[in-house]
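Participant: Have a look at the structure that comes next, please.
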Amino acid sequence: MAQVLTQTPFEKQNYSQGGLRLLIRELDVPNKGYQYIGNIHTPDFAPTLEFYEHFSAASGAEVKDNEAPNKTGYKLGFTADEMLIGNFKRFFFAGAPADVAADADAEGGPDTVIAGKTGDLFGLVYGRQTEGQRGDLVVRNVTDTADLVEDTDYEVLTIFGWTFIRLLVDTHSGDTLKIGTGAAAADPYEYTLPAHKSLKPMTSLKLEVAAILQGPAKVGVNFEWRIPRAVIKPDGAFDWNAKEASSFKFALELLDDSATDPAKPFGEVLFYGRDNAGAALI
């Protein structure tokens, strides 16, 4: 007897043309709303389900007579190609980013280095300088207690906007040099500090979140998974690509929330069905 199908395969009811979107809300920050993590490419979503198998002996052979789940969970591995500060924070296991104001006259140094041979380069610790700030630099030979002469003993140059000292002679090889300003290079030099956000890696090793996984589609079904508890963490290399979009690889691992809602320990999937108009419902 031929099998009768209630839905013909390969029609709109049976497949979806769309993608995934992920919103997360950090649970350790009170009253913080959901934020998109960015576009998601190449998602890899799978249950982490393991079973205990029981066997009994019958007629000299082992027979499987029972199995029970002993590990349940879900993991979503995905790539996000948005260079958002939140993704940097999550990749570097950092705490909340700190805002740092711009400072056109920030101070650094003096720097101490050991002189090498002719052509050796020494980049400043804080090398983002204006032409005027570079012009104030003094290089002191601490070993010989004498200042070096610019354009005779050394020259100041920039590489990708960073200040370097390049030696022009071998005379000072092995001596201790100090790079600063003022008499005997004893004072700090100035540099330009742009406004930025500061992250401190490896200071927040667990990030627990609530999440909303959206599956919008131009053609086919739409769904949404509302996840009450999960951890998000890096799951691969940071792909800083010169030719294509750079990306982060993350994993979202769901956590059991049965203590809060025993009926929905891993949240709830909302299946919206097929959108006959051909537009995403989400």
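Laboratory data are not the source of any read-out in this text; all were calculated from the coordinates shown. Please read all numbers here as calculations on a predicted model, not as lab measurements. Virtual Cβ from ideal backbone geometry, glycine too; neighbours counted across all protein chains shown.
Participant: Is any residue of region 103-128 close enough, with backbone N under 16 Å, to a label point placed 7 angstrom from the Cα of Asp175 along the Cα-Cβ axis, and if so, which?
Facilitator: Of the residues in region 103-128, 112-120 have backbone N under 16 Å from the label point off Asp175.
Participant: Sticking with this structure for a sec: Quick one: order Ser247, Ser198, Ser204 by neighbouring beta-carbon count within 10 Å, fewest to most.
Facilitator: Arranged by neighbour count, lowest to highest, Ser247, Ser198, Ser204 become Ser198, Ser204, Ser247.
Participant: At q = 0.12, 0.19 Å⁻¹, what log₁₀ I(q)/I(0) does a Debye calculation on the Cα points of region 114-256 give, no solvent, two decimals?
Facilitator: -0.71, -1.11
Participant: Set Lys and Arg Cβ to +1 and Asp and Glu Cβ to -1, take the dipole of region 103-194 about its Cα centre, and tell me which of Val142, Ala115, Ala185 lies farthest positive.
Facilitator: Farthest towards the positive end: Ala115.
Participant: For the cross-link pairs Lys197/Lys249; Lys89/Lys178; Lys32/Lys200, which exceed 28 Å when the distance is taken from alpha carbon to alpha carbon?
Facilitator: Lys89/Lys178
Participant: Expressed in nm to one decimal, what extension gain is obtained for the pair Thr203 and Ile159 from 0.36 nm per residue of sequence separation less their Cα-Cα distance?
Facilitator: Full extension of this stretch gives 12.6 nm more.
Participant: What are the semi-axes of the equivalent ellipsoid of region 103-194, taken as the square roots of 5 times the eigenvalues of the Cα gyration tensor, listed largest first and rounded to whole Å?
Facilitator: One finds semi-axes of 21, 14, 10 Å for region 103-194.
Participant: Mind checking which aspartates and glutamates have their Cα closer than 20 Å to the Cα of Lys206? Skip sequence neighbours fewer than 8 apart in that chain.
Facilitator: Answer for Lys206, where 20 Å is the Cα cut-off: Glu26, Asp28, Asp235, Glu253, Asp256, Asp257, listed by chain and number.
Participant: Roughly how many nanometres apart are two label points built 7 Å out from the Cα toward the Cβ at Thr130 and Ala98?
Facilitator: For the pair Thr130/Ala98, the computed spacing is 2.6 nm.
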